[in-house]
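In what follows, a single structure is set out as structure tokens and then discussed.
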Amino acid sequence: MNIKLFIQAIIKYVFGVLIVGGLLFIPANSFEYWNGWLFMGLLFIPMFIAGVILMIKNPELLRKRLNAKEQENEQKWVLLFSGLMFIAGFIVAGLNYKYKWIEMPNVITIISSITFIIAYILYAEVLRENTYLSRTIEVQDNQKVIDTGLYGFVRHPMYAITILLFLTMPLILGSIFSFIVFLVYPVIIAKRIKNEEEILEKNLKGYIEYRKKVKYRIVPFIW
């Protein structure tokens, strides 16, 4: 086992739990915010399991997923706006619970939770299909175009799935106002995809042909 990678993963995991918990429960001014606990369980329990599996079976992919340092200046702005979106969205959800602005039916929370789990499973499938995935935009040594599985339907299945994940988050948290904040995410992703495809066309052999073969980026027959 790579001890350095293990420690890095644990630190980032604990830090993530504390940050998300703080952004939710401090504005809510209560630990009785059950939507917050539900969301954290749905997010961090599968994340822990996935991290353990990657540590054992594919530590190199785990290392790539932990690396969030972008080299592209344009993508640094994308990450900044994404971070601000998460901070604002979680704080608004906590405030919504505290002040009872709009209370959503529990059935929406349940449906959103099920959708979130399904999206998480699809996300794991994308990681299985494409071991070149990293959190930064780069072309790696010996990287090949993946055109099987979900990559046969859209060119960026991971982004499609993250849109589904992130738009269900505020609904799990029970806040329509938070959902409005998270609606900025598809716009952010569209910007990221445009820049990413320019880099892939220039540096990844076979990507232009793949783009002609698979016409849609994230939504079949739409975009």
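The values are calculated or read from the model by the stated rules, or taken from the named source; none is laboratory data. Fair warning: this is a prediction, and the values are worked out from it, not measured in the lab. With ideal geometry, Cβ positions are generated from the backbone for all residues, glycine too; neighbour counts draw on all protein chains shown.
Numbers below:
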{"quantity": "Residue identified as more than 19 Å from the chain's Cα centre (by Cα), on the phi > 0 side of the Ramachandran plot and in contact (Cβ under 8 Å) with a residue 24 or more places away in the chain among 2, 29, 58, 35", "calculated": "29"}
{"quantity": "Pair list, Cβ under 6 Å, 6 or more apart: the range 208-223 residue closer than 17 Å to residue 148 by Cβ, other residue not aliphatic (A, V, I, L, M)", "calculated": "210/147; 214/155; 220/153"}
{"quantity": "When residues of the range 187-216 are limited to those that are touching a Lys or Arg at 6+ places or on another chain (Cβ under 8 Å) and of a type in the set (Phe, Trp, Tyr), the one farthest from residue 78 (Cα to Cα)", "calculated": "210"}
{"quantity": "Helices (runs of 4 or more DSSP H) wholly inside the range 48-167 containing at least 3 residues that are over 25 Å from residue 209 (Cβ atoms) and at pLDDT below 80", "calculated": "59-66, 73-99"}
{"quantity": "Answer residue from the range 192-223, given it is closer than 12 Å to residue 156 by Cβ and of a type in the set (A, V, I, L, M) and is modelled with the lowest pLDDT among those", "calculated": "200"}
{"quantity": "Residues satisfying the stated conditions in the range 183-198, i.e. of a type in the set (Val, Ile, Thr), in contact (Cβ under 8 Å) with a residue 40 or more places away in the chain and surrounded by 17 or more Cβ atoms within 10 Å (Cβ to Cβ)", "calculated": "188"}
